[in-house]
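Peer 1: First, the structure itself, so that you have it in front of you.
Any read-out appearing in this document is the output of simple, stated calculations on the displayed coordinates, not a laboratory observation. All of these numbers come straight from a predicted model, not from anything done at the bench. Neighbour counts run over all protein chains shown; Cβ positions are idealised from the backbone, glycine included.
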Amino acid sequence: MTEHASTLYAKLLGETAAISWQELQPVFARGALLWVEGTQDLVAVAQAVAENDKGKVAAWLQAGVLGRVDDARAEDLLARDPQLWAVVVAPWVLVQERMAASAPVLH
């Protein structure tokens, strides 16, 4: 990891926070909410999006581990109201369901 990449990772990690589905609903309505599967490092995915790493992002999109939040997932999140973890990479907000631990999945 280059110095710039590690600095960006640290910046994004510092901007990552817990959030409720209720708070994210306006972002979902704008179509700017991206779901990151729990097996992925939320901050690393956010970093790739911020750096416009088309190869990584395309691979994650194709594998289904990154994608826009669809209506079915939105309904599930509304019904369950799980703890979520999010970070902004304008114009996107990347979100992930928090695991039992109180921090995002870090690899």
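Peer 1: Are any residues in the stretch 25-44 farther than 15 Å from A90 by Cβ and under 14 Å from the mean Cα position of the chain (by Cα), and if so, which ones?
Peer 2: If the condition is that a residue be farther than 15 Å from A90 by Cβ and under 14 Å from the mean Cα position of the chain (by Cα), then F28, W35, V36, E37, G38, T39, Q40, D41, L42, V43, A44 are the ones that fit.
Peer 1: Next question, about the same structure. Just give me the residues in the stretch 58-86 being crowded, with 18+ Cβ neighbours inside 10 Å and either among the hydroxyl-bearing types (S, T, Y) or not in a helix (DSSP H, G or I) (or both), in sequence order.
Peer 2: L66, V69, L84, W85, A86
Peer 1: Here is a follow-up. Give me the pairs: first residue in the stretch 33-52 and aromatic (F, W, Y), second residue crowded, with 18+ Cβ neighbours inside 10 Å and assigned to a loop (DSSP other than H, G, I, E, B), beta-carbon distance under 6 Å, and six or more apart or on different chains, which are they?
Peer 2: As it stands, the answer is W35/V69, since those pairs meet every condition given.
Peer 1: In the stretch 6-21, what count of residues is obtained for those that are in a helix (DSSP H, G or I), in contact (Cβ under 8 Å) with a residue 12 or more places away in the chain and over 14 Å from V89 (Cβ atoms)?
Peer 2: So the count comes out to 1.
Let's see how each residue does on (1) outside any strand (DSSP E or B); (2) surrounded by 18 or more Cβ atoms within 10 Å (Cβ to Cβ); (3) out of contact with any Ser or Thr (no Cβ under 8 Å at 6 or more places or on another chain):
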{"residue": "V27", "(1), (2), (3)": "yes, yes, yes"}
{"residue": "L34", "(1), (2), (3)": "no, yes, yes"}
{"residue": "G38", "(1), (2), (3)": "yes, no, yes"}
{"residue": "A46", "(1), (2), (3)": "yes, yes, no"}
{"residue": "N52", "(1), (2), (3)": "yes, no, yes"}
{"residue": "K56", "(1), (2), (3)": "yes, no, yes"}
